[in-house]
Structures are given as C-alpha cells and as structure tokens.
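Down below is the structure, laid out as structure tokens.
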Amino acid sequence: QVQLDESGGGLVQTGGSLRLSCVPSGSIFRINAMGWYRQAPGKQRELVAIISSGGSTNYADSVKGRFTISRDNGKNTVYLQMYSLKPEDTAVYSCYINTPRGSSWGQGTQVTVSS
C-alpha cells in the first residue's frame with residue numbers, strides 16, 4: 001500500500017473555503033484514478049469526488065457546483081478545492097489513489113465547518 005500525505009484541512013465558518021492536497025510518498029510509476037472520500041461521525045464513508053488519469057471527474061450530488069477536484073500528474077498530486085462550505089461538510093476527508101498494484105487511502109484530514 002502507498003502512503004498518502006494529506007494537508008489543508010481545518011476549521012472554517014459556513015460559506016468559507018478550503019483546499020485539500022494529497023501526494024503519495026515516494027515515486028509511483030503510474031496512477032490511475034485519484035479522489036477524495038469523507039466520513040462524518042456516525043455515518044458511512046462516502047465518495048466526494050474522483051478524477052481519472054485523463055481528467056474526467058465525478059462528484060457526489062451534495063458537492064456539485066461547490067467542490068472542484070483537480071490533479072497535477074507531474075507532481076502526482078490531487079487537490080480538492082471546496083467553496084461555500086456547509087456544516088454538513090464536516091468530516092474526515094481521505095485521499096484515494098488507484099494504481100496497477102491496487103488502491104490506497106490516506107489517514108485523513110479533518111474539515112470542520114462551523115455554523
């Protein structure tokens with residue numbers, strides 16, 4: 001499994017913005033999909049956004065129009081730009097990558113949106 005280093009979480013007021021970043025430790029020959037999941041207390045983990053190696057994206061309905069996922073293939077980095085944050089976005093956000101050797105998830109970074 002690949003170690004993923006996430007950053008950018010924190011505490012923000014309703015309507016605020018945050019940008020999450022994730023980069024794998026070490027070099028990886030090829031990364032297929034990259035994405036972000038989140039898990040709120042007492043809830044199941046859900047897919048927030050995913051981006052293919054070609055740049056195609058998919059979003060959870062709850063974040064469409066507010067969140068943007070992007071990737072820098074040269075840096076093997078995936079980003080999640082979050083705008084218009086709501087209290088219901090509060091969760092631990094975990095990075096995800098898929099390579100020919102399998103999938104890996106990061107430890108997660110806490111995002112807390114205060115009302």
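The values are calculated or read from the model by the stated rules, or taken from the named source; none is laboratory data. Since the structure is predicted, the reported quantities are computational estimates derived from the model, not experimental observations. Cβ coordinates were reconstructed from backbone atoms using ideal geometry, including for glycine residues, and neighbour counts include every protein chain displayed. Remember, those area values only see protein heavy atoms, side chains included, never the ligands or the DNA or RNA. Shrake-Rupley method; radii C 1.70, N 1.55, O 1.52, S 1.80 Å.
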With every protein chain kept in place and ligands, DNA and RNA left out, what is the accessible area per residue of the chain? Probe 1.4 Å, answer in Å². 55
Using the per-residue mean of other Cβ atoms lying within 10 Å as a proxy for protection, in what order, highest first, do the peptides 17-29, 66-78 fall? 66-78, 17-29
Per-selection Kirkwood Rh - the chain (Cα, Å, 1 d.p.): 14.0
Over region 1-88, what is the relative contact order in percent, taking alpha-carbon pairs closer than 8 angstrom and at least six residues apart? 32
May I ask for the net charge around residue 103, where only other residues with Cβ less than 15 Å from the Cβ of residue 103 are counted and Lys, Arg are +1 while Asp, Glu are -1? +3
Pull up the cross-link candidates among the lysines for residue 43, meaning alpha carbon to alpha carbon under 21 Å and not fewer than 8 places away within one chain. 64, 86
Taking K and R as +1 and D and E as -1, what net charge do the other residues with C-beta under 14 Å from the C-beta of residue 50 add up to? +2
